[in-house]
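Participant: One structure coming up, written as structure tokens, with questions to follow.
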Amino acid sequence: VGRRHLRSNNSWMHNVPALTGGTNRCTLQIHPDDAERLGVRDGQPVRVRGAGGEVTAPAEVTDGLRRGVVSLPHGWGHDRPGTRLRHAAADPGVNVNQLLDGSLLDPLSGNAVLNGVPVEIAPGAASEGVPGTASGPVT
């Protein structure tokens, strides 16, 4: 599921130096039980794979969400070609839309489903500083 942060309700806020200090806000939140089962440790890179592609984001282990659910914020990915947010490009985060392939549609509106989509989670590759290769579905 998606989420927003007080200092980044809109992506243009990532380009305001006064609002970008502190901890990384573009993290993959994951429940402690799921993190343990998958071999994911707090702060380490995690691969998130959806029908449309894969991104890697730092894990934020928290009991603030249910088991079997992960949360990645939207409005990031400032390293994409054509992005004109110079300050934001220094801490680009990942673009959650890269996980989507556009095949899931809301039956009433016909709009693309952007939230609550199935993904697979795995610790980051050894080259990313995370040992192990365990993976499993988490939606």
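Participant: Given a cut-off of under 8 Å on Cα pairs at least six residues apart, what relative contact order in percent is computed for segment 6-125? Mind showing how you got there, number by number?
Facilitator: Details: 211 pairs, mean separation 36.3, N = 120.
Result for segment 6-125 is 30 percent.
Participant: Then there is this: Among S71, S103, what is the fewest-to-most ranking by other Cβ atoms within 10 Å?
Facilitator: Working: S71 18, S103 9.
Least crowded to most crowded, the residues run S103, S71.
Any read-out appearing in this document is the output of simple, stated calculations on the displayed coordinates, not a laboratory observation. What you are looking at is a predicted structure, and each value in this text was computed from that prediction instead of being measured. Please note: Cβ atoms are built from the backbone with ideal geometry, for glycine as well, and neighbour counts cover all protein chains shown.
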